[in-house]
1. Here are Lys279, Lys228: which of them is open to solvent by 60 Å² or more (accessible area, probe 1.4 Å), free of Cβ contacts under 8 Å to residues at least 60 places away in the same chain and either under 19 Å from Gly318 (Cα atoms) or in contact with a strand residue (DSSP E or B) (Cβ under 9 Å, 6 or more places away or on another chain) (or both)?
2. Which residue, of Leu118, Leu209, is buried (at least 23 other Cβ atoms within 10 Å of the Cβ) and more than 23 Å from Gly88 (Cα to Cα)?
3. In this structure, does Ala163 turn out to be of a type outside the set (Phe, Trp, Tyr), more than 30 Å from Thr243 (Cβ to Cβ) and modelled with pLDDT of 95 or more?
4. Filter the range 85-100 for residues that are buried (at least 16 other Cβ atoms within 10 Å of the Cβ) and free of Cβ contacts under 8 Å to residues at least 40 places away in the same chain and give the result.
5. If I ask for residues that are part of a helix (DSSP H, G or I) and open to solvent by 20 Å² or more (accessible area, probe 1.4 Å), which ones from the range 155-173 would you list?
6. Please identify the pairs in which a residue from the range 177-202 that is farther than 13 Å from Ala123 by Cα and touching a residue at least 12 places away in the same chain (Cβ under 8 Å) has its Cβ atom under 6 Å from the Cβ atom of a residue that is of a type in the set (S, T, N, Q) and surrounded by 21 or more Cβ atoms within 10 Å (Cβ to Cβ), counting only partners at least 6 apart or on another chain.
7. Out of Asp33, Asp67, I need the residue that is surrounded by fewer than 17 Cβ atoms within 10 Å (Cβ to Cβ), among the acidic types (Asp, Glu) and modelled with pLDDT under 95. Which one?
8. Quick one: which of Gly159, Gly186, Gly181, Gly244 is closer than 19 Å to Ile332 by Cα, small (Gly, Ala, Ser) and in contact with a strand residue (DSSP E or B) (Cβ under 7 Å, 6 or more places away or on another chain)?
Amino acid sequence: LLFFFAIDVIIAGAMLQYLDKLSTTIAVDLGTDKTRVWEKGVGLVGEYPSYLAIDSRSKRILASGQDAYEMRGRVAANVSLLKPFQKGKVWDEKIALAFLKVILKDGLKKSFFSPTILFSIPASLSSAIEEETIKLGYALGAKEVLTVVQPLAAAIGAGMPVADSTGGFILQLGAGINEVGVISLGTLVNFEKSHEAGDDFEQALQVFLQKEKKILISRDTARMLIHKLVSADETHPGTILVTGKDEKTTAPKEFQISAKQLLPFVDGRLQSVVKLVKKLLSKVPAELTVDVVDKGLLLSGGGALLMGLDSYLVPKLGIPVSVVDDPEQSVIRGMGTILDHLDEFRRSLGYRGEE
């Protein structure tokens, strides 16, 4: 009897593994700037600008992702260029669902059974908005929808031992929202948020150059300057020739801009980051303060790529600061790790699924 029972267990285990292969498990990092998709057993399968182009008359989808992004500023009056996710949350449910159907089409097709979907969400998201996000997953045909807060996913993606009782400290700098959090025993103990994030950074640079140089530049030019020139390092020697429009005449105009000339702008913008971190530090439980100060602050998200940011923050905060490897991918990488350990995640304190 024991022999036959053992055989039944082996067969049942093999059947479960086979059925698991027929059901796709997907992680989706819902980003204001980019949406990333990870498939269990495959890895990162897509990285899409979070844009959808729609014909406002016929309501037909014209383009999504990169194709839609490249249409910015070049579309006819009847074409609406929409962002489904803004300020770290779903901005329009119908648009978000249409966008996700397009980018997840191939992954959903492969799944013989209904898939499991894991969404990333800001830690500060209200339960009502989180519920709307979960509903998106079920509208896509999922059998189970899970959520994970972005700072926790980023910490896992950075290799932080999040299950330890000692505290870990991470600042997730996104396009729509910045969140700093303290992590212990697999969950976010405390966090603070700010919407003065990447998108606002680009707009603020446009305003700064208009005020200081009387030059109008495009959003794409502002983004290019942030990626290639803007630095928190006072010694950065870089200079770039930029094309814009004269504020008075609106005529095209070229001008040289140096990293040094942008330092006042950078310092002004980074004050909000310093205040955000200090606000959280004032709330950290005494038991975790030593751990936080000892381990220091990890920077993740696209905003962590700002040149010299870690060195700038060290004297301002009085703690070690370092940028994680490939910070733009830290959240989705952490979500991929969660997919490989879903049962453990469901039992953890950081689990946020449907109640």
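1. Of Lys279, Lys228, the one residue that is open to solvent by 60 Å² or more (accessible area, probe 1.4 Å), free of Cβ contacts under 8 Å to residues at least 60 places away in the same chain and either under 19 Å from Gly318 (Cα atoms) or in contact with a strand residue (DSSP E or B) (Cβ under 9 Å, 6 or more places away or on another chain) (or both) is Lys228.
2. Leu209
3. When the stated conditions are applied, Ala163 does not pass them.
4. Matches in the range 85-100: Trp91 only.
5. Selection gives Ile156 alone.
6. Pairs that qualify, where the first residue is farther than 13 Å from Ala123 by Cα and touching a residue at least 12 places away in the same chain (Cβ under 8 Å) and the partner is of a type in the set (S, T, N, Q) and surrounded by 21 or more Cβ atoms within 10 Å (Cβ to Cβ), are Ala197/Asn178.
7. Asp67 is the lone residue from the list that is surrounded by fewer than 17 Cβ atoms within 10 Å (Cβ to Cβ), among the acidic types (Asp, Glu) and modelled with pLDDT under 95.
8. Selected residue: Gly181, the only one of Gly159, Gly186, Gly181, Gly244 that is closer than 19 Å to Ile332 by Cα, small (Gly, Ala, Ser) and in contact with a strand residue (DSSP E or B) (Cβ under 7 Å, 6 or more places away or on another chain).
The values are calculated or read from the model by the stated rules, or taken from the named source; none is laboratory data. Since this is a predicted model, take the numbers as computed values, not measurements. We place every Cβ from the backbone using ideal geometry, glycine too, and count neighbours over all the protein chains shown. Protein only, heavy atoms only, side chains kept; ligands, DNA and RNA dropped before computing areas. Shrake-Rupley method; radii C 1.70, N 1.55, O 1.52, S 1.80 Å.
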